[in-house]
Structures are given as C-alpha cells and as structure tokens.
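Undergrad: Structure below; questions to follow.
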Amino acid sequence: MLRLAAVAVLSAALIAPAAANDRTGLPPVVVYAPSPCLACIDWAEHLRKHGFAVTIEDKPSAEMPRIKRWLNVPSQLESVHTARVAGYFIEGHVPATDILTLLKERPKARGLAVPGLPRGAPGRENYNPYCETACTILDNAGRENEIRREAFVTLLVSPDGKTSIYARH
C-alpha cells in the first residue's frame with residue numbers, strides 16, 4: 001500500500017512539471033492599451049489564466065492608431081487594445097482559446113480580431129452601458145446590474161487583409 005502511494009506521488013510530481021512546461025512553452029504576449037483601460041487589464045488577466053505571460057504597455061490614446069498601423073490591423077476591425085504574439089496581431093477581446101488554436105495551427109495570417117467591444121467577450125463580462133471600459137456599477141441596493149452578453153465572432157485576417165470567421169462565440 002505504501003509503495004502504491006509512493007508511485008502515485010511520483011507520478012503526480014512528473015505530470016505537474018509537464019503541465020507547467022506546456023504553459024511556459026507559450027510565447028509571450030505584449031498588449032498595447034490606452035491607460036487606464038479596465039477592460040484591457042481584465043482581458044490580459046484572462047490570458048494569464050490560460051497560461052500566457054502577458055506584458056501590458058500603457059500608451060496614450062493618441063498613440064494607439066500608430067501601433068495598429070505598425071501591426072497592420074485593418075481599420076474596420078479596430079478595438080481598444082492591440083496585442084502581439086508570435087508574429088501575429090491580436091485585436092480586441094479575442095478569447096484565449098482562439099489564440100491557443102491559432103498558435104497550434106499557425107495559419108498564414110496577420111492575426112485575429114474581435115472588432116468593437118462585444119458584451120460578454122473576455123474582459124467585457126462586466127459590461128455596463130454607462131461605462132465604455134466594462135466598469136461594474138452597483139445599483140442603490142449594492143447589487144451589480146444585470147450582466148448581459150451578446151454573440152460575437154473572432155475573425156482571422158489573411159495576409160491580403162481579407163477576413164474569415166475563425167470562431168463563433
């Protein structure tokens with residue numbers, strides 16, 4: 001019985017580092033975001049929960065268009081923040097699972113985009129119509145207002161700038 005327990009502990013010890021290595025094997029993500037943007041910070045935390053190492057570079061709002069042009073983000077797909085990972089741009093509130101799929105498949109593309117600010121997208125779960133950065137406002141009784149969600153798509157942007165639906169959410 002003791003030997004069986006020792007084997008279980010040893011097996012767990014060998015499996016745990018493998019899982020940790022899978023996470024550390026992910027490329028780093030750099031997020032360019034206007035400061036302060038609470039929804040951008042929440043999105044970065046969503047990526048961290050999925051194993052990404054994320055750095056946020058706060059930028060003045062006036063500098064964001066230059067960054068988007070530098071990364072070749074089509075203007076019609078713009079959101080608030082823009083990220084860079086493994087040679088791809090990630091525009092807006094793209095779910096981490098879509099980014100993980102992109103990194104696994106490695107298609108010839110500029111990147112992924114979730115245009116605008118869809119309610120319920122990662123980092124936008126606490127959407128409130130009175131706050132453009134997904135603030136949570138309490139009602140007079142101290143309860144959060146109803147959280148609402150809308151359907152959205154993640155778009156794959158090909159090298160020529162054309163888009164196709166990559167995932168539906």
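The values are calculated or read from the model by the stated rules, or taken from the named source; none is laboratory data. Everything numeric in this text was worked out from a predicted model, so none of it was measured. Reconstructed Cβ throughout: ideal geometry from the backbone, glycine too, with neighbour counts over all protein chains shown. Side chains are part of the model used for accessible areas, which takes the heavy atoms of the whole protein and leaves out ligands, DNA and RNA. Shrake-Rupley method; radii C 1.70, N 1.55, O 1.52, S 1.80 Å.
Undergrad: List the strands (runs of 3 or more DSSP E) that sit entirely inside the range 22-90 and contain at least 2 residues that are touching a residue at least 40 places away in the same chain (Cβ under 8 Å) and open to solvent by less than 40 Å² (accessible area, probe 1.4 Å).
TA: In the range 22-90, 29-34, 82-85 are the strands (runs of 3 or more DSSP E) which contain 2 or more residues that are touching a residue at least 40 places away in the same chain (Cβ under 8 Å) and open to solvent by less than 40 Å² (accessible area, probe 1.4 Å).
Undergrad: Could I ask something else about it? Could you run through the range 99-126 and say how many residues are assigned to a helix (DSSP H, G or I) and more than 21 Å from S75 (Cα to Cα)?
TA: 6
Undergrad: Do we find that Y166 is closer than 25 Å to F52 by Cα, open to solvent by 10 Å² or more (accessible area, probe 1.4 Å), more than 14 Å from the chain's Cα centre (by Cα) and at pLDDT 70 or above in this structure? Please lay out each step first, then the result.
TA: On the way: closer than 25 Å to F52 by Cα: yes; open to solvent by 10 Å² or more (accessible area, probe 1.4 Å): yes; more than 14 Å from the chain's Cα centre (by Cα): yes; at pLDDT 70 or above: yes.
Here the answer is yes, as Y166 does meet what is asked.
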